[in-house]
Amino acid sequence: MSTRYIYADNAATTRPDEEAVLAMLPYLREGFGNPSSLYSLGRQAHEGLEEARAQVATCLGAQPNEIYFTASGSEADNWALWGVARQKAKKGHHIVSSKIEHHAILHTLQRLEKEGWEVTYLDVDGEGFIDPAAFEAALRPDTVLATIMFANNEVGTLQPIKQLASIAHDHGILFHTDAVQAVGHVPINVAELGVDLLSLSGHKFHAPKGIGALYVRRSVLLPSFINGGGQERGKRAGTENVAGAVAMAAALKKACAEMDTEMPRIAALRDSLCQQILTNIPRTRLNGPADSSRRLPGNLNVSVDCVEGESIVLLMDMKGVAVSTGSACSTGSLDPSHVLLALGLKAETAHGSVRISLDKENTEEDADYIFRALESTTQRLRAMSPLWEEPRS
Ligand SMILES: *Cc1c(COP(=O)(O)O)cnc(C)c1O
(Lines give C-alpha, C1' and ligand atoms only; values in the text may rest on other atoms or scores of the structure.)
Protein backbone atom coordinates (compact mmCIF):
# COMPACT_ATOMS: atom_id res chain seq x y z
CA MET A 1 0.00 0.00 0.00
CA SER A 2 1.44 3.29 -1.12
CA THR A 3 1.28 6.34 1.08
CA ARG A 4 0.88 8.44 -2.01
CA TYR A 5 -2.74 9.00 -3.00
CA ILE A 6 -3.65 10.45 -6.35
CA TYR A 7 -7.23 11.49 -6.84
CA ALA A 8 -8.18 11.21 -10.51
CA ASP A 9 -11.94 10.79 -10.27
CA ASN A 10 -12.90 14.45 -10.41
CA ALA A 11 -15.93 13.73 -12.55
CA ALA A 12 -17.44 11.87 -9.58
CA THR A 13 -16.73 14.66 -7.11
CA THR A 14 -13.99 17.13 -6.26
CA ARG A 15 -12.14 18.16 -3.13
CA PRO A 16 -13.65 21.36 -1.69
CA ASP A 17 -11.41 24.39 -2.22
CA GLU A 18 -9.92 25.91 0.91
CA GLU A 19 -11.51 29.23 -0.17
CA ALA A 20 -14.93 27.55 -0.33
CA VAL A 21 -14.55 25.96 3.10
CA LEU A 22 -13.32 29.22 4.67
CA ALA A 23 -16.17 31.17 3.04
CA MET A 24 -18.79 28.87 4.52
CA LEU A 25 -17.42 28.61 8.06
CA PRO A 26 -18.82 31.95 9.33
CA TYR A 27 -22.30 30.83 8.24
CA LEU A 28 -21.96 27.59 10.18
CA ARG A 29 -20.74 29.39 13.30
CA GLU A 30 -21.84 32.86 14.35
CA GLY A 31 -23.78 33.61 11.16
CA PHE A 32 -26.20 30.70 11.49
CA GLY A 33 -29.38 32.80 11.24
CA ASN A 34 -32.38 31.93 9.11
CA PRO A 35 -32.35 34.18 6.02
CA SER A 36 -36.10 34.71 6.38
CA SER A 37 -35.80 36.17 9.90
CA LEU A 38 -36.24 39.91 10.37
CA TYR A 39 -33.54 40.56 12.97
CA SER A 40 -29.95 41.28 12.05
CA LEU A 41 -28.69 37.68 12.33
CA GLY A 42 -31.26 36.66 9.75
CA ARG A 43 -30.61 39.68 7.54
CA GLN A 44 -26.89 38.89 7.50
CA ALA A 45 -27.61 35.33 6.38
CA HIS A 46 -29.95 36.73 3.74
CA GLU A 47 -27.23 39.07 2.54
CA GLY A 48 -24.73 36.23 2.31
CA LEU A 49 -27.19 34.19 0.31
CA GLU A 50 -27.96 37.03 -2.10
CA GLU A 51 -24.28 37.84 -2.59
CA ALA A 52 -23.71 34.19 -3.42
CA ARG A 53 -26.57 34.31 -5.92
CA ALA A 54 -25.15 37.43 -7.56
CA GLN A 55 -21.72 35.83 -7.76
CA VAL A 56 -23.04 32.65 -9.37
CA ALA A 57 -25.08 34.76 -11.80
CA THR A 58 -22.03 36.85 -12.75
CA CYS A 59 -19.95 33.75 -13.47
CA LEU A 60 -22.68 32.39 -15.76
CA GLY A 61 -23.64 35.64 -17.48
CA ALA A 62 -27.10 35.50 -15.87
CA GLN A 63 -29.17 37.86 -13.73
CA PRO A 64 -29.31 37.05 -9.99
CA ASN A 65 -33.09 36.51 -10.12
CA GLU A 66 -32.55 33.78 -12.71
CA ILE A 67 -30.57 31.60 -10.26
CA TYR A 68 -32.42 29.20 -7.97
CA PHE A 69 -30.41 27.25 -5.42
CA THR A 70 -31.14 23.53 -5.12
CA ALA A 71 -29.67 20.69 -3.06
CA SER A 72 -27.98 19.01 -6.02
CA GLY A 73 -27.52 18.80 -9.74
CA SER A 74 -30.00 15.93 -9.72
CA GLU A 75 -32.65 18.14 -8.14
CA ALA A 76 -32.03 20.87 -10.70
CA ASP A 77 -32.42 18.32 -13.52
CA ASN A 78 -35.58 16.83 -12.04
CA TRP A 79 -37.12 20.25 -11.48
CA ALA A 80 -36.33 21.53 -14.96
CA LEU A 81 -37.90 18.56 -16.73
CA TRP A 82 -40.88 18.07 -14.45
CA GLY A 83 -41.50 21.82 -14.27
CA VAL A 84 -41.51 22.43 -18.02
CA ALA A 85 -43.62 19.31 -18.58
CA ARG A 86 -46.13 20.58 -16.05
CA GLN A 87 -46.13 24.12 -17.41
CA LYS A 88 -46.38 23.17 -21.09
CA ALA A 89 -48.69 20.14 -20.93
CA LYS A 90 -51.38 22.02 -22.84
CA LYS A 91 -49.09 22.54 -25.84
CA GLY A 92 -47.94 18.93 -26.20
CA HIS A 93 -46.46 15.87 -24.57
CA HIS A 94 -43.20 15.31 -26.43
CA ILE A 95 -39.60 15.82 -25.24
CA VAL A 96 -36.35 15.41 -27.16
CA SER A 97 -33.23 14.19 -25.38
CA SER A 98 -30.27 11.89 -26.01
CA LYS A 99 -29.19 8.35 -25.17
CA ILE A 100 -26.14 9.50 -23.22
CA GLU A 101 -27.73 11.75 -20.60
CA HIS A 102 -27.04 11.34 -16.89
CA HIS A 103 -29.51 9.18 -14.97
CA ALA A 104 -30.89 12.29 -13.25
CA ILE A 105 -32.28 13.15 -16.70
CA LEU A 106 -32.98 9.64 -18.05
CA HIS A 107 -34.85 8.40 -14.98
CA THR A 108 -36.91 11.60 -14.81
CA LEU A 109 -37.82 11.17 -18.47
CA GLN A 110 -38.78 7.53 -17.85
CA ARG A 111 -41.06 8.67 -15.08
CA LEU A 112 -42.68 11.20 -17.42
CA GLU A 113 -43.12 8.45 -20.03
CA LYS A 114 -45.08 6.42 -17.47
CA GLU A 115 -47.32 9.46 -17.10
CA GLY A 116 -48.06 9.58 -20.80
CA TRP A 117 -45.21 11.68 -22.18
CA GLU A 118 -43.36 10.68 -25.30
CA VAL A 119 -39.59 11.03 -25.40
CA THR A 120 -37.24 10.81 -28.37
CA TYR A 121 -33.76 9.67 -27.26
CA LEU A 122 -31.37 10.77 -29.97
CA ASP A 123 -28.51 8.56 -31.07
CA VAL A 124 -24.96 9.86 -30.88
CA ASP A 125 -22.03 9.15 -33.17
CA GLY A 126 -18.97 7.10 -32.22
CA GLU A 127 -17.51 10.04 -30.27
CA GLY A 128 -20.74 10.91 -28.47
CA PHE A 129 -21.87 13.83 -30.62
CA ILE A 130 -25.46 14.61 -31.48
CA ASP A 131 -26.10 15.43 -35.12
CA PRO A 132 -27.81 18.87 -35.23
CA ALA A 133 -29.77 17.82 -38.33
CA ALA A 134 -31.09 14.73 -36.55
CA PHE A 135 -31.92 16.95 -33.57
CA GLU A 136 -33.96 19.30 -35.75
CA ALA A 137 -35.69 16.38 -37.50
CA ALA A 138 -36.81 15.03 -34.10
CA LEU A 139 -38.64 18.25 -33.17
CA ARG A 140 -42.42 18.10 -33.67
CA PRO A 141 -45.32 20.50 -33.28
CA ASP A 142 -46.14 18.86 -29.93
CA THR A 143 -42.53 19.03 -28.64
CA VAL A 144 -42.32 21.28 -25.59
CA LEU A 145 -38.76 20.73 -24.40
CA ALA A 146 -35.35 19.60 -25.55
CA THR A 147 -32.82 18.55 -22.92
CA ILE A 148 -29.25 17.82 -24.01
CA MET A 149 -26.27 17.63 -21.65
CA PHE A 150 -23.48 20.19 -22.09
CA ALA A 151 -20.66 17.75 -21.36
CA ASN A 152 -20.85 14.01 -20.91
CA ASN A 153 -19.70 12.71 -17.53
CA GLU A 154 -18.16 9.50 -18.87
CA VAL A 155 -16.47 10.43 -22.14
CA GLY A 156 -16.33 14.23 -21.92
CA THR A 157 -18.09 15.03 -25.21
CA LEU A 158 -18.96 18.75 -25.44
CA GLN A 159 -22.17 19.15 -27.44
CA PRO A 160 -22.79 22.10 -29.79
CA ILE A 161 -25.24 23.54 -27.26
CA LYS A 162 -25.48 27.03 -28.76
CA GLN A 163 -26.43 25.58 -32.13
CA LEU A 164 -28.92 23.09 -30.66
CA ALA A 165 -30.56 25.77 -28.49
CA SER A 166 -30.94 28.01 -31.49
CA ILE A 167 -32.56 25.22 -33.53
CA ALA A 168 -34.97 24.53 -30.66
CA HIS A 169 -35.89 28.21 -30.48
CA ASP A 170 -36.51 28.36 -34.24
CA HIS A 171 -39.27 25.85 -33.51
CA GLY A 172 -40.53 27.63 -30.38
CA ILE A 173 -39.23 24.90 -28.08
CA LEU A 174 -37.59 25.43 -24.68
CA PHE A 175 -34.03 24.20 -24.25
CA HIS A 176 -32.52 22.80 -21.04
CA THR A 177 -28.94 21.65 -20.60
CA ASP A 178 -27.45 19.57 -17.81
CA ALA A 179 -24.17 21.45 -17.46
CA VAL A 180 -23.13 19.77 -14.21
CA GLN A 181 -19.84 18.51 -15.68
CA ALA A 182 -19.11 21.72 -17.54
CA VAL A 183 -19.67 24.60 -15.11
CA GLY A 184 -16.37 25.70 -13.60
CA HIS A 185 -14.41 23.68 -16.18
CA VAL A 186 -15.20 25.31 -19.53
CA PRO A 187 -16.47 28.84 -20.23
CA ILE A 188 -20.24 29.12 -19.95
CA ASN A 189 -22.33 32.19 -20.58
CA VAL A 190 -26.06 31.52 -20.63
CA ALA A 191 -26.87 34.69 -22.56
CA GLU A 192 -24.42 33.77 -25.29
CA LEU A 193 -25.55 30.13 -25.35
CA GLY A 194 -29.21 31.10 -25.48
CA VAL A 195 -30.35 28.23 -23.25
CA ASP A 196 -33.56 28.58 -21.22
CA LEU A 197 -32.61 26.35 -18.31
CA LEU A 198 -29.24 25.09 -17.08
CA SER A 199 -28.34 22.77 -14.19
CA LEU A 200 -25.17 22.93 -12.13
CA SER A 201 -23.79 21.27 -9.00
CA GLY A 202 -21.23 22.65 -6.56
CA HIS A 203 -19.37 19.46 -5.70
CA LYS A 204 -18.28 19.02 -9.33
CA PHE A 205 -16.26 22.24 -9.14
CA HIS A 206 -14.67 22.18 -5.67
CA ALA A 207 -17.61 23.26 -3.51
CA PRO A 208 -19.07 20.88 -0.93
CA LYS A 209 -21.80 18.34 -1.72
CA GLY A 210 -25.46 19.20 -1.21
CA ILE A 211 -25.67 22.46 -3.14
CA GLY A 212 -26.57 23.07 -6.76
CA ALA A 213 -28.54 25.54 -8.82
CA LEU A 214 -30.94 25.83 -11.69
CA TYR A 215 -30.67 28.78 -14.04
CA VAL A 216 -34.11 29.72 -15.33
CA ARG A 217 -34.36 32.44 -17.95
CA ARG A 218 -36.63 35.25 -16.77
CA SER A 219 -39.21 34.66 -19.49
CA VAL A 220 -39.67 30.99 -18.52
CA LEU A 221 -42.44 30.11 -16.11
CA LEU A 222 -41.59 27.17 -13.90
CA PRO A 223 -43.90 25.82 -11.17
CA SER A 224 -42.42 25.21 -7.73
CA PHE A 225 -41.02 21.74 -7.18
CA ILE A 226 -40.82 21.67 -3.39
CA ASN A 227 -43.74 23.24 -1.59
CA GLY A 228 -43.75 25.01 1.73
CA GLY A 229 -42.35 28.39 2.67
CA GLY A 230 -41.67 31.22 0.27
CA GLN A 231 -37.92 30.68 -0.14
CA GLU A 232 -36.27 31.11 -3.54
CA ARG A 233 -38.98 33.56 -4.59
CA GLY A 234 -41.67 31.00 -3.84
CA LYS A 235 -40.22 28.43 -6.23
CA ARG A 236 -38.27 26.17 -3.92
CA ALA A 237 -39.34 25.82 -0.32
CA GLY A 238 -36.98 24.86 2.47
CA THR A 239 -34.69 26.94 4.68
CA GLU A 240 -31.77 27.79 2.47
CA ASN A 241 -28.35 26.12 2.63
CA VAL A 242 -26.65 29.48 3.12
CA ALA A 243 -23.21 28.08 3.91
CA GLY A 244 -23.39 25.78 0.89
CA ALA A 245 -24.47 28.56 -1.44
CA VAL A 246 -21.70 30.85 -0.19
CA ALA A 247 -19.13 28.07 -0.63
CA MET A 248 -20.40 27.28 -4.13
CA ALA A 249 -20.14 30.94 -5.13
CA ALA A 250 -16.56 31.12 -3.81
CA ALA A 251 -15.57 27.94 -5.66
CA LEU A 252 -17.18 29.11 -8.90
CA LYS A 253 -15.54 32.52 -8.69
CA LYS A 254 -12.15 30.85 -8.26
CA ALA A 255 -12.79 28.37 -11.07
CA CYS A 256 -13.78 31.17 -13.45
CA ALA A 257 -10.76 33.27 -12.51
CA GLU A 258 -8.38 30.35 -13.08
CA MET A 259 -10.02 28.94 -16.18
CA ASP A 260 -7.86 30.66 -18.79
CA THR A 261 -4.69 29.13 -17.38
CA GLU A 262 -6.00 25.86 -15.93
CA MET A 263 -8.10 24.69 -18.88
CA PRO A 264 -5.21 24.41 -21.36
CA ARG A 265 -2.85 23.03 -18.70
CA ILE A 266 -5.24 20.24 -17.70
CA ALA A 267 -6.06 19.44 -21.33
CA ALA A 268 -2.35 19.17 -22.17
CA LEU A 269 -1.79 16.91 -19.17
CA ARG A 270 -4.70 14.73 -20.24
CA ASP A 271 -3.49 14.61 -23.86
CA SER A 272 -0.01 13.52 -22.92
CA LEU A 273 -1.31 10.85 -20.51
CA CYS A 274 -3.62 9.63 -23.26
CA GLN A 275 -0.74 9.43 -25.71
CA GLN A 276 1.39 7.55 -23.21
CA ILE A 277 -1.33 4.98 -22.55
CA LEU A 278 -2.29 4.41 -26.18
CA THR A 279 1.29 4.03 -27.41
CA ASN A 280 2.69 1.95 -24.54
CA ILE A 281 -0.13 -0.29 -23.38
CA PRO A 282 -1.12 -2.67 -26.19
CA ARG A 283 -4.75 -2.96 -27.25
CA THR A 284 -6.04 0.17 -25.58
CA ARG A 285 -8.42 2.61 -27.26
CA LEU A 286 -9.66 6.08 -26.54
CA ASN A 287 -13.42 6.47 -26.00
CA GLY A 288 -15.02 9.81 -26.79
CA PRO A 289 -13.80 12.72 -28.92
CA ALA A 290 -10.31 12.52 -30.40
CA ASP A 291 -10.37 16.30 -30.90
CA SER A 292 -9.21 17.54 -27.52
CA SER A 293 -10.95 20.91 -28.00
CA ARG A 294 -14.35 19.20 -28.19
CA ARG A 295 -13.86 17.31 -24.96
CA LEU A 296 -13.88 18.26 -21.26
CA PRO A 297 -10.26 19.22 -20.46
CA GLY A 298 -9.75 16.63 -17.70
CA ASN A 299 -11.65 13.69 -19.16
CA LEU A 300 -9.90 10.56 -20.39
CA ASN A 301 -11.75 7.31 -21.03
CA VAL A 302 -9.94 4.27 -22.39
CA SER A 303 -10.90 0.70 -23.15
CA VAL A 304 -8.38 -1.93 -22.15
CA ASP A 305 -8.92 -5.26 -23.93
CA CYS A 306 -9.23 -8.48 -21.91
CA VAL A 307 -9.57 -6.90 -18.46
CA GLU A 308 -12.48 -5.81 -16.31
CA GLY A 309 -12.74 -2.11 -15.50
CA GLU A 310 -13.68 -2.90 -11.89
CA SER A 311 -10.51 -4.97 -11.44
CA ILE A 312 -8.42 -2.08 -12.74
CA VAL A 313 -10.12 0.31 -10.32
CA LEU A 314 -9.49 -1.96 -7.33
CA LEU A 315 -5.85 -2.68 -8.18
CA MET A 316 -5.16 0.98 -8.96
CA ASP A 317 -6.65 1.85 -5.57
CA MET A 318 -4.09 -0.43 -3.91
CA LYS A 319 -1.42 1.59 -5.69
CA GLY A 320 -2.95 4.78 -4.35
CA VAL A 321 -4.79 5.99 -7.43
CA ALA A 322 -8.52 6.76 -7.55
CA VAL A 323 -10.07 6.29 -10.99
CA SER A 324 -13.43 4.85 -12.00
CA THR A 325 -15.16 2.66 -14.54
CA GLY A 326 -17.50 5.42 -15.59
CA SER A 327 -20.36 6.97 -13.76
CA ALA A 328 -20.14 6.70 -9.97
CA CYS A 329 -23.91 6.35 -10.02
CA SER A 330 -23.74 3.11 -12.02
CA THR A 331 -21.13 1.50 -9.83
CA GLY A 332 -22.50 -1.61 -8.23
CA SER A 333 -24.60 -2.44 -11.24
CA LEU A 334 -23.26 -5.03 -13.64
CA ASP A 335 -24.83 -3.42 -16.68
CA PRO A 336 -22.31 -1.95 -19.09
CA SER A 337 -22.37 1.84 -19.33
CA HIS A 338 -25.32 3.12 -21.39
CA VAL A 339 -23.03 5.86 -22.67
CA LEU A 340 -20.35 3.52 -24.02
CA LEU A 341 -23.00 1.28 -25.59
CA ALA A 342 -24.54 4.34 -27.30
CA LEU A 343 -21.08 5.12 -28.71
CA GLY A 344 -21.18 1.70 -30.35
CA LEU A 345 -18.87 -0.24 -28.03
CA LYS A 346 -19.52 -3.95 -27.54
CA ALA A 347 -20.61 -4.87 -24.02
CA GLU A 348 -17.29 -6.61 -23.24
CA THR A 349 -15.27 -3.60 -24.43
CA ALA A 350 -17.45 -1.31 -22.35
CA HIS A 351 -16.76 -3.52 -19.31
CA GLY A 352 -13.03 -3.07 -19.80
CA SER A 353 -13.10 0.74 -19.70
CA VAL A 354 -11.66 3.16 -17.20
CA ARG A 355 -12.32 6.84 -16.74
CA ILE A 356 -9.51 9.04 -15.51
CA SER A 357 -10.73 12.55 -14.70
CA LEU A 358 -7.92 15.00 -14.02
CA ASP A 359 -8.34 18.40 -12.49
CA LYS A 360 -6.45 21.48 -11.37
CA GLU A 361 -4.92 19.57 -8.47
CA ASN A 362 -3.20 17.01 -10.71
CA THR A 363 0.42 17.43 -11.73
CA GLU A 364 2.71 15.90 -14.34
CA GLU A 365 4.09 13.53 -11.71
CA ASP A 366 0.54 12.41 -10.98
CA ALA A 367 -0.05 11.67 -14.66
CA ASP A 368 3.19 9.75 -14.83
CA TYR A 369 2.33 7.73 -11.75
CA ILE A 370 -1.18 7.03 -13.10
CA PHE A 371 0.31 5.75 -16.35
CA ARG A 372 2.75 3.41 -14.59
CA ALA A 373 0.02 2.15 -12.24
CA LEU A 374 -2.29 1.46 -15.18
CA GLU A 375 0.46 -0.25 -17.13
CA SER A 376 1.48 -2.61 -14.33
CA THR A 377 -2.16 -3.26 -13.35
CA THR A 378 -3.02 -4.15 -16.92
CA GLN A 379 -0.03 -6.48 -17.24
CA ARG A 380 -0.93 -8.23 -14.02
CA LEU A 381 -4.59 -8.70 -14.93
CA ARG A 382 -3.80 -9.83 -18.45
CA ALA A 383 -1.33 -12.40 -17.17
CA MET A 384 -4.25 -13.99 -15.34
CA SER A 385 -6.70 -13.69 -18.24
CA PRO A 386 -7.38 -16.75 -20.41
CA LEU A 387 -8.44 -14.35 -23.18
CA TRP A 388 -5.17 -12.47 -23.40
CA GLU A 389 -2.48 -13.23 -25.99
CA GLU A 390 0.69 -11.16 -26.24
CA PRO A 391 0.62 -9.19 -29.47
CA ARG A 392 3.28 -10.41 -31.89
CA SER A 393 5.86 -7.74 -32.53
C1 LIG B 1 -22.88 14.52 -11.10
C2 LIG B 1 -23.85 14.77 -12.20
C3 LIG B 1 -25.21 15.01 -11.95
C4 LIG B 1 -25.79 14.93 -10.56
O5 LIG B 1 -25.32 15.94 -9.73
P6 LIG B 1 -25.47 15.74 -8.13
O7 LIG B 1 -25.19 17.08 -7.57
O8 LIG B 1 -24.47 14.72 -7.74
O9 LIG B 1 -26.87 15.30 -7.89
C10 LIG B 1 -26.04 15.28 -13.01
N11 LIG B 1 -25.57 15.33 -14.26
C12 LIG B 1 -24.27 15.12 -14.56
C13 LIG B 1 -23.80 15.21 -15.96
C14 LIG B 1 -23.37 14.82 -13.54
O15 LIG B 1 -22.09 14.60 -13.84
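The values are calculated or read from the model by the stated rules, or taken from the named source; none is laboratory data. Quantities reported herein were computed from a predicted structural model and do not represent experimental measurements. We place every Cβ from the backbone using ideal geometry, glycine too, and count neighbours over all the protein chains shown.
For A52, the conditions (1) within 16 Å of the ligand (Cβ to nearest atom); (2) buried (at least 23 other Cβ atoms within 10 Å of the Cβ) all hold with the exception of (1). Pairing each residue of region 378-390 that is farther than 9 Å from V307 by Cα with any residue that is among the hydroxyl-bearing types (S, T, Y) and modelled with pLDDT of 85 or more, provided the two are 6+ apart or on different chains, yields no C-beta distance under 8 Å.
From the set of residues in region 126-149 that are of a type in the set (A, V, I, L, M) and either assigned to a helix (DSSP H, G or I) or in contact with a Lys or Arg (Cβ under 8 Å, 6 or more places away or on another chain) (or both), which is surrounded by the most Cβ atoms within 10 Å (Cβ to Cβ)? The qualifying residue surrounded by the most Cβ atoms within 10 Å (Cβ to Cβ) is L145.
Taken over region 111-120, residues that are surrounded by 15 or more Cβ atoms within 10 Å (Cβ to Cβ) and part of a helix (DSSP H, G or I) amount to 1. Among the numbered conditions (1) part of a loop (DSSP other than H, G, I, E, B); (2) of a type in the set (S, T, N, Q); (3) under 28 Å from G234 (Cα atoms), the only one that T108 does not meet is (1).
So for region 4-17 (the condition being out of contact with any Gly (no Cβ under 6 Å at 6 or more places or on another chain), part of a helix (DSSP H, G or I), at pLDDT 95 or above and among the hydrophobic types (A, V, I, L, M, F, W, C)), does at least one residue qualify? Within region 4-17, not a single residue is out of contact with any Gly (no Cβ under 6 Å at 6 or more places or on another chain), part of a helix (DSSP H, G or I), at pLDDT 95 or above and among the hydrophobic types (A, V, I, L, M, F, W, C). In this entry, A71 passes the filter for residues that are in contact (Cβ under 8 Å) with a residue 60 or more places away in the chain and within 16 Å of the ligand (Cβ to nearest atom). May I ask you to verify whether A85 is small (G, A, S), under 16 Å from E118 (Cα atoms), away from the ligand (no atom under 16 Å from the Cβ) and assigned to a helix (DSSP H, G or I)? For A85, the condition - small (G, A, S), under 16 Å from E118 (Cα atoms), away from the ligand (no atom under 16 Å from the Cβ) and assigned to a helix (DSSP H, G or I) - is met. Please determine whether any residue of region 178-192 is over 17 Å from the mean Cα position of the chain (by Cα) and closer than 19 Å to D260 by Cβ. Within region 178-192, one or more residues are over 17 Å from the mean Cα position of the chain (by Cα) and closer than 19 Å to D260 by Cβ. When region 16-57 is filtered for residues that are of a type in the set (S, T, N, Q) and over 22 Å from the mean Cα position of the chain (by Cα), the ones remaining, listed by number, are N34, S36, S37, S40, Q44.
In region 253-271, the residues that are crowded, with 17+ Cβ neighbours inside 10 Å form Cβ pairs under 7 Å with partners that are in a helix (DSSP H, G or I), at six or more places apart or across chains, as follows: K253/Q55; K253/C59; K254/E19; A255/F205; C256/C59; A267/S292; L269/E364; L269/A367. Listed by first and then second residue, the pairs linking a residue in region 100-117 that is more than 14 Å from F150 (Cα to Cα) and aromatic (F, W, Y) to a residue that is modelled with pLDDT of 95 or more and not in a helix (DSSP H, G or I), with Cβ atoms under 7 Å apart and 6 or more places separating them unless they lie on different chains, are W117/H93; W117/I95.
With respect to the stated conditions, L81 fails to be hydrophobic (A, V, I, L, M, F, W, C) and either farther than 30 Å from L109 by Cβ or touching a Pro at 6+ places or on another chain (Cβ under 9 Å) (or both).
Restricting attention to region 197-236, the residues that are within 16 Å of the ligand (Cβ to nearest atom), buried (at least 16 other Cβ atoms within 10 Å of the Cβ) and assigned to a strand (DSSP E or B) add up to 10.
I'm checking my understanding of the structure. Among residues of region 179-195 that are crowded, with 24+ Cβ neighbours inside 10 Å and without any contact (Cβ under 8 Å) to a residue 40 or more places away in the chain, which one is farthest from C59 (Cα to Cα)? The qualifying residue farthest from C59 (Cα to Cα) is V195. Can you find a residue that is in a strand (DSSP E or B), under 19 Å from F205 (Cβ atoms) and in contact (Cβ under 8 Å) with a residue 40 or more places away in the chain anywhere in region 53-61? Scanning region 53-61 turns up no residue that is in a strand (DSSP E or B), under 19 Å from F205 (Cβ atoms) and in contact (Cβ under 8 Å) with a residue 40 or more places away in the chain.
Here D170 passes the criteria (1) away from the ligand (no atom under 11 Å from the Cβ); (2) among the charged types (D, E, K, R); (3) in contact with a His (Cβ under 9 Å, 6 or more places away or on another chain) except the one numbered (3). Residues in region 142-167 that are over 20 Å from D125 (Cα atoms) and of a type outside the set (S, T, N, Q): D142, V144, L145. Across region 8-26, the number of residues qualifying as within 16 Å of the ligand (Cβ to nearest atom) and surrounded by fewer than 23 Cβ atoms within 10 Å (Cβ to Cβ) comes to 5.
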